[in-house]
Amino acid sequence: MSNILEVKNLTMYYETIDGNVDAVKNISFNVKAGESFGIVGESGCGKTSVAMSLLQLQAENGKISNGSILFDGIELVGKSENDLRKIRWDGISIVFQGAMNAWNPVVKVGEQIREAMREHSPESTKLQNTEKINELFSMVGLDSSVADRFPHELSGGMKQRAIIALALSCDPKLVIADEPTTALDVVIQDQILSEIKKVQDLLGLSLIYISHDIAVIAEMTDKIAVMYAGSIVEMGPTSEVFKSPQHSYTQALLDSTPSIKGEKKKLRSLEGEPPSLIDKIDGCTFAPRCPDRETKCNPSQHMQLIEVSPEHFVDICSIGKESK
Amino acid sequence: MNNNLIEVRDLVKHFEVSGGLFSRTKKVIKAVDGIDFDIKTGETLGLVGQSGCGKTTTARALCLLDPKTSGTVNFFNPDRQKMESIDNIDEDGKRTFRRNMQMIFQDPYESLNPRWTIKDIIKEPLDIHNIGALNDREEAVIEILRTVGLTPPENYLARYPHEISGGQRQRVSIARTLIMKPKFVICDEPTSMLDVSIRISIMDLMLNLAKDLDVSYLYITHDLAVARYMCNRIAVMFNGKIVEIAETEELLKNPIHPYTKRLISSIPIPDPSYIREKYQINYDELEEIILKNPDKKMIDVGNEHFVASHDTKDYLFES
């Protein structure tokens, strides 16, 4: 399968009065066509910054200092705002975190979706757009009458479904979903996850799924990248990473996730807190919290991903632990 | 021996809402509609259910934050060593009750006064209830900070909530709650705002404190995986009613009520090789059945496992 997205050495920082915050450090990953790629990590680890820089929608003080983003063979870094507009939504669309609360309260939901369609395909008629919206709504499990309602008339789950319909409105090839179910309760979350999966299969979409919830990532993705303090520390096929996690941080995340299946196990928490990204850290950023720092790893080692088995990459600091 | 700490019988909380701008009729929202449960000393009871099922309303009615519509709540008064109804007790009894029942809220960013130092926040309940000599109170604050793992405590006394992280804030909330040495703490989703790696340490802290200080919890959450980790027993709420209540592992292994089954089947499993079986129910149908059978009898199916009977409709025991 061909890669729809190739990210190489992406580095991004935010300029602040206290200094530069290195939010994304030298990140590389590929997403294949039709694949679902998960990014998991704690808040502040840079998940959303990655998503935003893919579309270059980061805040004004966010600067991409290095790297390349190849989408469908087109380089996105350095493209003009005008050219980027053609890629956004037509090529890559995004379900923002908390987007269901971003509907314009005084415009009907259908009209807001139509607005995006008009912008990106001015040649299609109003009737065609309406048909398309009905089709999308039935795909995400909404009644077509929802298009004529205002956002406050919808429940949280319905608003989120409509957001997904909006993200699909211009037939993108890649959809980025940034914590699409975080504010929803479990039953609604379950329904939304099924809709996303269904739509993805139906349209053959590629998906980048961002979440802090290990259990959701386990269900939704084929491949995952575990992020910590702006870097990817482990990346590989989801089943393999869950079966044999190599990095101590991945292990710690898995150990801190409760489950309702299997034996009730004692969960382990991680001491300390993620480092501030303003401080320039030499060597492994995870070392201060790493449960294995005494025994196995080499904290002065600079972060670098090494392939341990096909497609399974892990930070070099954890490789050392086998040999020691 | 009956060692119940809290006994709730037929607790009802209805809200009246106006039917619209020009409507004279008032609609009644039955947020909590006749629920019964007991909490034993040292036990953690989980209250789970979807948003809007009445979990938080139950909690607020229990601790007198909102007046309940009807029903009785009995509380074991440790000063007098007997059960007392919280409705007709004297001022003294009420004070004892309030001292012994505390609450931890969901959002540590909103439940701490931003203009107060950590010391003032934690000391406030002591001042209100006038516990201990004035000079001893700071000692008590330092002691409790150490208990909740904020060490060295001297570093935290003069800080403000915005200077510490979310996990630390929730520890401050817990410290403020526990400084009263309560017997019963209501926790309303205390970890749902926290990051995964920090969540467990807060949950462990609460479990250890329950053991050391002999505290009972009513733990409200919508996440059964969290409830499994924290609770001895779980009560499942649906539309203001408890539909099933049982010991935690029993409930997860052997759910009987269709809503419980639905809830369990919607929890994602952190194992990519596990394929979840979806259990679908028709909410409208279920609601109708429950509405038609207002009888709130719970059927005992053994093992301390109780299920709402509704009409003992065949669907209940289909499997």
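The values are calculated or read from the model by the stated rules, or taken from the named source; none is laboratory data. All of these numbers come straight from a predicted model, not from anything done at the bench. Note that we place each Cβ from the backbone using ideal geometry, even for glycine, and neighbour counts take in every protein chain shown. Protein only, heavy atoms only, side chains kept; ligands, DNA and RNA dropped before computing areas. Shrake-Rupley method; radii C 1.70, N 1.55, O 1.52, S 1.80 Å.
Suppose we keep only residues that are out of contact with any helix residue (DSSP H, G or I) (no Cβ under 8 Å at 6 or more places or on another chain) and assigned to a loop (DSSP other than H, G, I, E, B) within region A:108-124. Which one would you say is most open to solvent (accessible area, probe 1.4 Å)?
A:E123
Do you know which residues across region B:1-38 are at pLDDT below 90, of a type in the set (F, W, Y) and part of a strand (DSSP E or B)?
Result: B:F15, single match.
So which residues in region A:142-155 are part of a loop (DSSP other than H, G, I, E, B) and farther than 10 Å from A:G110 by Cα?
Residues satisfying the conditions are A:L142, A:D143, A:L154, A:S155.
Based on this model, can you work out whether B:S216 counts as at the interface with chain A (Cβ under 9 Å from one of its Cβ atoms), of a type in the set (S, T, N, Q) and on the phi < 0 side of the Ramachandran plot?
It is false that B:S216 is at the interface with chain A (Cβ under 9 Å from one of its Cβ atoms), of a type in the set (S, T, N, Q) and on the phi < 0 side of the Ramachandran plot.
What number of residues in region A:91-107 are open to solvent by less than 60 Å² (accessible area, probe 1.4 Å), farther than 16 Å from A:P172 by Cβ and in a loop (DSSP other than H, G, I, E, B)?
Residues that pass the stated criteria total 3.
Report whether or not B:I245 is among the aliphatic types (A, V, I, L, M) and either touching a residue at least 24 places away in the same chain (Cβ under 8 Å) or away from chain A (no Cβ under 12 Å) (or both). Step through it out loud before you land on a result.
Working: among the aliphatic types (A, V, I, L, M): yes; either touching a residue at least 24 places away in the same chain (Cβ under 8 Å) or away from chain A (no Cβ under 12 Å) (or both): yes.
Taking the combined requirement at face value, the residue satisfies it.
What tally of residues in region A:243-267 results from selecting those that are within 24 Å of B:G166 (Cβ to Cβ), facing chain B (nearest Cβ under 7 Å) and of a type in the set (D, E, K, R)?
0
Looking at region B:159-175, which of the residues that are within 19 Å of the chain's Cα centre (by Cα) and without any contact (Cβ under 8 Å) to a residue 60 or more places away in the chain is most open to solvent (accessible area, probe 1.4 Å)?
Per the criteria, the residue is B:R171.
Can you pull out every residue in region B:262-294 that is assigned to a helix (DSSP H, G or I) and among the aromatic types (F, W, Y)?
If the condition is that a residue be assigned to a helix (DSSP H, G or I) and among the aromatic types (F, W, Y), then B:Y283 is the only one that fits.
Each row is one residue, and each column tells you yes or no for (1) crowded, with 20+ Cβ neighbours inside 10 Å; (2) within 17 Å of A:V40 (Cα to Cα); (3) of a type in the set (S, T, Y).
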site: A:V241; (1), (2), (3): yes, yes, no
site: A:A252; (1), (2), (3): yes, yes, no
site: A:S259; (1), (2), (3): yes, no, yes
site: A:K264; (1), (2), (3): no, no, no
site: A:T285; (1), (2), (3): yes, yes, yes
site: A:T295; (1), (2), (3): no, no, yes
site: A:E307; (1), (2), (3): no, no, no
site: A:D315; (1), (2), (3): yes, yes, no
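Quick check on my filter: what residues within region A:125-141 are modelled with pLDDT of 90 or more and part of a loop (DSSP other than H, G, I, E, B)?
A:T125
Looking only at region A:275-288, count how many residues are more than 12 Å from chain B (Cβ to nearest Cβ), under 28 Å from A:E307 (Cα atoms) and touching a residue at least 40 places away in the same chain (Cβ under 8 Å). If you could, list the steps in order and put the result at the bottom.
Here is the first cut: in region A:275-288, the residues more than 12 Å from chain B (Cβ to nearest Cβ) are A:275, A:277-285, A:287-288.
Those still in the list that are under 28 Å from A:E307 (Cα atoms) too: A:275, A:277, A:280-285, A:287-288.
After this cut, where a residue has to be touching a residue at least 40 places away in the same chain (Cβ under 8 Å) as well, the list is A:275, A:277, A:280-281, A:285.
Looking only at that region, the number is 5.
I need the full set of residues from region B:136-168 which are touching an Asp or Glu at 6+ places or on another chain (Cβ under 9 Å) and of a type in the set (K, R), in order please.
Residue satisfying the conditions is B:R137 alone.
Just give me the residues in region B:103-153 being open to solvent by 50 Å² or more (accessible area, probe 1.4 Å) and among the basic types (K, R), in sequence order.
B:R115, B:K119, B:R146
Residue-by-condition table, conditions (1) more than 13 Å from the chain's Cα centre (by Cα); (2) closer than 18 Å to A:T221 by Cα:
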site	(1), (2)
A:I4	yes, yes
A:G19	yes, no
A:V40	no, yes
A:S49	no, no
A:L55	no, no
A:G67	yes, no
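Give just the number: which of (1) open to solvent by less than 10 Å² (accessible area, probe 1.4 Å); (2) without any contact (Cβ under 8 Å) to a residue 40 or more places away in the chain; (3) assigned to a loop (DSSP other than H, G, I, E, B) does A:G272 not satisfy?
Checking A:G272 against (1) open to solvent by less than 10 Å² (accessible area, probe 1.4 Å); (2) without any contact (Cβ under 8 Å) to a residue 40 or more places away in the chain; (3) assigned to a loop (DSSP other than H, G, I, E, B), the one that fails is (1).
Checking the structure you have, find out if any residue of region B:160-171 is closer than 30 Å to B:V8 by Cα and not acidic (D, E).
yes
Which condition number does B:Y156 fail, the rest of (1) without any contact (Cβ under 8 Å) to a residue 40 or more places away in the chain; (2) surrounded by fewer than 22 Cβ atoms within 10 Å (Cβ to Cβ); (3) of a type in the set (F, W, Y) being met?
B:Y156 satisfies all of (1) without any contact (Cβ under 8 Å) to a residue 40 or more places away in the chain; (2) surrounded by fewer than 22 Cβ atoms within 10 Å (Cβ to Cβ); (3) of a type in the set (F, W, Y) except (2).
Please enumerate the residues belonging to region B:39-66 that are part of a loop (DSSP other than H, G, I, E, B), under 23 Å from B:S266 (Cβ atoms), open to solvent by 20 Å² or more (accessible area, probe 1.4 Å) and in contact (Cβ under 8 Å) with a residue 60 or more places away in the chain.
B:Q50, B:S51
How about region B:107-153: which of its residues are within 20 Å of B:N208 (Cα to Cα), touching a residue at least 40 places away in the same chain (Cβ under 8 Å) and of a type outside the set (A, V, I, L, M, F, W, C)?
If the condition is that a residue be within 20 Å of B:N208 (Cα to Cα), touching a residue at least 40 places away in the same chain (Cβ under 8 Å) and of a type outside the set (A, V, I, L, M, F, W, C), then B:T147, B:G149 are the ones that fit.
A:D171: among the acidic types (D, E), surrounded by fewer than 20 Cβ atoms within 10 Å (Cβ to Cβ) and closer than 28 Å to A:V216 by Cα, yes or no?
yes
Any chance you could count how many residues in region B:67-102 are more than 18 Å from B:F37 (Cβ to Cβ), open to solvent by 50 Å² or more (accessible area, probe 1.4 Å) and without any contact (Cβ under 8 Å) to a residue 60 or more places away in the chain?
12
How about region B:264-279: which of its residues are within 7 Å of another protein chain (Cβ to nearest Cβ) and open to solvent by 40 Å² or more (accessible area, probe 1.4 Å)?
B:D271, B:S273, B:Y274 - these are the residues of region B:264-279 that are within 7 Å of another protein chain (Cβ to nearest Cβ) and open to solvent by 40 Å² or more (accessible area, probe 1.4 Å).
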